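Structure record follows, encoded as C-alpha cells.
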Amino acid sequence: MSDLVRIPTLTTGRLLLRPYRLADFDAYAAMWADPAVTRFIGGVPFTREQSWSRFLRQIGVWHHLAFGFFAIEEKATGRFAGEWKSASAENNGTIRTFFIPPDGVHYFERVAR
C-alpha cells in the first residue's frame with residue numbers, strides 16, 4: 001500500500017485553493033445540479049448521487065495520481081466557491097475552473113499552450 005498524498009493548500013489574496021471537506025458537499029452538489037455548469041459537460045445536471053460519486057473521486061485521484069481538483073474557498077466568508085484543476089497530460093493541457101459567484105455559476109475552460 002502506498003502512502004497517502006498530502007493535498008496542498010494554495011493561497012491568493014482572496015481565495016484558498018484547498019482539499020475538499022465533507023462540509024463542502026451541499027454547495028458542491030448544488031453547483032453540479034445547475035444547468036449552467038453542466039451545459040458544456042454532457043449537458044445534463046447531476047443528481048445528488050452522481051455529485052457524491054464525483055466528489056469522492058476528486059479526493060481519491062490525489063492519492064493515486066498526486067494531482068487533482070482543489071476546492072475554492074472565499075477567504076472573507078469561508079464559502080465554497082467552486083473547484084479548480086491545473087493542467088495535466090490526461091486532459092491535454094486543459095485548465096477547467098468552476099466558480100459560484102453571487103450572480104450564478106460560471107464555467108471556464110482554457111487550453112494551455
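Just so it is clear, none of the values below were taken in a lab; they were calculated from the coordinates. Keep in mind it's a predicted model, so treat the numbers as computed, not measured.
Across the range 55-65, rounded Karplus estimates of 3J(HN,Hα) from the backbone phi angles (6.51 cos²θ - 1.76 cosθ + 1.60, θ = phi - 60°) give 4, 5, 5, 4, 6, x, 4, 4, 6, 9, 10 Hz, Gly and Pro being marked x.
Extension gain, Val5 to Leu65: 0.36 nm times the residue separation minus the Cα-Cα distance gives 20.7 nm.
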